[in-house]
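The values are calculated or read from the model by the stated rules, or taken from the named source; none is laboratory data. What you see is a predicted model; the values in this text were computed from it and never measured. With ideal geometry, Cβ positions are generated from the backbone for all residues, glycine too; neighbour counts draw on all protein chains shown.
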Amino acid sequence: MDKKLYARLLSIIPLFRSLSPDELDQIVQISKLLRVKKGVTVVEEGDEGAAMYILVEGKCEVVKRLPGGDNTRLAELAAPTVFGEMSLIDQDKRSASVCTLTDVVLFQINLHSFNKLRAGLSAAAFKVLREIAPMLCSRVRQINDRIGDFFKNPEANLGTVEQQFLQRSLGSPKPAQGK
């Protein structure tokens, strides 16, 4: 792909808004364009975080594995957005899976290459990390709001969760029959 087109595509992503053209070029150098078909798991929960992804075109969903083995949908992602960004910070295991809902276009930023930029004291790496921080804060606030909403009426919400659990584990519950 033409490097100028590549840089232009990356420049529309809010994560890179503070990068100069030279800094953006550094990110382009360590990025890889991926075209992924619908129904593919791009990031698997529990795997080592080895890359961050920029969703440029298409939609994905974020799913979390439940203790019983079922999955629950946490979010739907639409371009332009970023996922897997925590791996650039803590290099821990993936906290959820990300699966494609449509054919997608992604840019992958490899952790090893990003860490080389950071070790070389590249301003591009530190600017990207600085942009990731408020994004993560926003996501934590959204989770806090969801938890707060849940506990506003815990009996009703636990009842809903229990019904969903029963439907998933036992199939649709049969209506009670009178004696």
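Tabulated data
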{"item": "Residue list for segment 100-121, filter: over 27 Å from residue 57 (Cβ atoms) and not in a loop (DSSP other than H, G, I, E, B)", "result": "115, 116, 118, 119"}
{"item": "Residue 31 being closer than 22 Å to residue 102 by Cα, in contact with a helix residue (DSSP H, G or I) (Cβ under 9 Å, 6 or more places away or on another chain) and surrounded by 17 or more Cβ atoms within 10 Å (Cβ to Cβ)", "result": "yes"}
{"item": "Matching residues in segment 51-79 - criterion: being modelled with pLDDT under 90 and of a type in the set (Gly, Ala, Ser)", "result": "68, 69, 75, 79"}
{"item": "Checklist (1) at pLDDT 90 or above; (2) touching a Leu at 6+ places or on another chain (Cβ under 9 Å); (3) small (Gly, Ala, Ser) applied to residue 113, failing item", "result": "(2)"}
{"item": "Members of segment 75-104 that are over 14 Å from residue 44 (Cα atoms) and touching a Lys or Arg at 6+ places or on another chain (Cβ under 6 Å)", "result": "78, 101, 102, 103"}
{"item": "Extreme residue, surrounded by the fewest Cβ atoms within 10 Å (Cβ to Cβ), among residues of segment 87-116 that are under 12 Å from residue 48 (Cα atoms) and among the acidic types (Asp, Glu)", "result": "90"}
{"item": "Lone qualifier among 124, 133 - being in contact with a Leu (Cβ under 8 Å, 6 or more places away or on another chain), among the small types (Gly, Ala, Ser) and not in a strand (DSSP E or B)", "result": "124"}
{"item": "Number of the exception - residue 65 against (1) within 17 Å of the chain's Cα centre (by Cα); (2) closer than 22 Å to residue 32 by Cβ", "result": "(2)"}
{"item": "One residue from 84, 39, 120, 46 being without any contact (Cβ under 8 Å) to a residue 24 or more places away in the chain and not hydrophobic (A, V, I, L, M, F, W, C)", "result": "120"}
{"item": "Any hit, segment 71-80, residues being closer than 22 Å to residue 28 by Cα and without any contact (Cβ under 8 Å) to a residue 60 or more places away in the chain", "result": "yes"}
{"item": "Boolean, residue 86 is modelled with pLDDT of 90 or more, within 20 Å of residue 142 (Cβ to Cβ) and not in a loop (DSSP other than H, G, I, E, B)", "result": "no"}
